[in-house]
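K.L.:
Quick one: the structure is below, questions incoming.
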Amino acid sequence: GLRRVAVIVLRVVGIVCVLLAARGLAYSRQQVPPRHLVYLVDQSASIDPKQTEWMARRLASLEAIRPAQISRTVVVFGRDTALALPPRHERLLDPSMIQRTLEEAPIQRDGTNVETALLSSLTTLPSSARSRIILLSDGRQTDGDAERILPHVRRFGLEVYPVAVPSTIPSGVVWE
């Protein structure tokens, strides 16, 4: 009697599992590979102090939601690039500290070279991690050609997300 009940229960459980699998219900666990995040921040002469303040607040807000397993690097660029903050996992939550770090970066501010910034960000990446680049810039390129290098950057598995820095010039006529 007991064996018969056990066999019936096991058959019912098996049939239920087959029906659930046929309907697409399956146990799966998504594993996210560790990633690295590079913040490329434009600090050329075309960026005014209010825009730098906005970028510092934006970086702090992005850092507040960055998962702990993702490391980050901050690279500042103008005509050339400089590593402002090395790869770390701790969060950057103080906008005033971020702003000071951006303003004190030892770069040539007389030009904007997004191409060099993208190329130099490759040197900050761990070799095994898929990475993302968040590019904070006003988009006024004076040197290089970022569009020419984007296919090569994608080949390395990098995802580039440009963030346009809003203009702080009072309303009226703006000559570009």
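The values are calculated or read from the model by the stated rules, or taken from the named source; none is laboratory data. None of the values given here were measured: they were computed from a predicted structure. Note that each Cβ is placed from the backbone with ideal geometry, even for glycine, and that neighbours are counted across all protein chains shown. Surface accessibility is based on the protein's heavy atoms, side chains included, excluding ligands, DNA and RNA. Shrake-Rupley method; radii C 1.70, N 1.55, O 1.52, S 1.80 Å.
K.L.:
So which pairs qualify, if the first residue must be in the range 35-64 and closer than 16 Å to Gly78 by Cα and outside any helix (DSSP H, G or I), the second must be open to solvent by 40 Å² or more (accessible area, probe 1.4 Å) and β-branched (Val, Ile, Thr), the Cβ gap must be under 8 Å, and the two must be at least 6 apart or on different chains?
P.N.:
Listed pairs, sorted by first residue: Ser44/Thr142; Asp48/Thr168.
K.L.:
Let me ask something else. With the requirement that a residue be among the basic types (Lys, Arg) and either part of a helix (DSSP H, G or I) or open to solvent by 30 Å² or more (accessible area, probe 1.4 Å) (or both), what does the range 65-87 give you?
P.N.:
Residue satisfying the conditions is Arg79 alone.
K.L.:
Just a yes or no: is a residue in the range 88-102 part of a loop (DSSP other than H, G, I, E, B), touching a Lys or Arg at 6+ places or on another chain (Cβ under 9 Å) and farther than 18 Å from Ala60 by Cβ?
P.N.:
no
K.L.:
Please determine whether any residue of the range 134-147 is at pLDDT below 90, surrounded by 12 or more Cβ atoms within 10 Å (Cβ to Cβ) and either among the hydrophobic types (A, V, I, L, M, F, W, C) or within 16 Å of the chain's Cα centre (by Cα) (or both).
P.N.:
yes
K.L.:
Yes or no: Arg100 under 24 Å from Ser131 (Cα atoms) and of a type in the set (Lys, Arg)?
P.N.:
No: the conditions fail for Arg100.
K.L.:
Mind listing whichever residues of the range 104-127 are open to solvent by 20 Å² or more (accessible area, probe 1.4 Å) and part of a helix (DSSP H, G or I)?
P.N.:
Glu115, Thr116, Leu119, Ser120, Leu122, Thr123, Thr124
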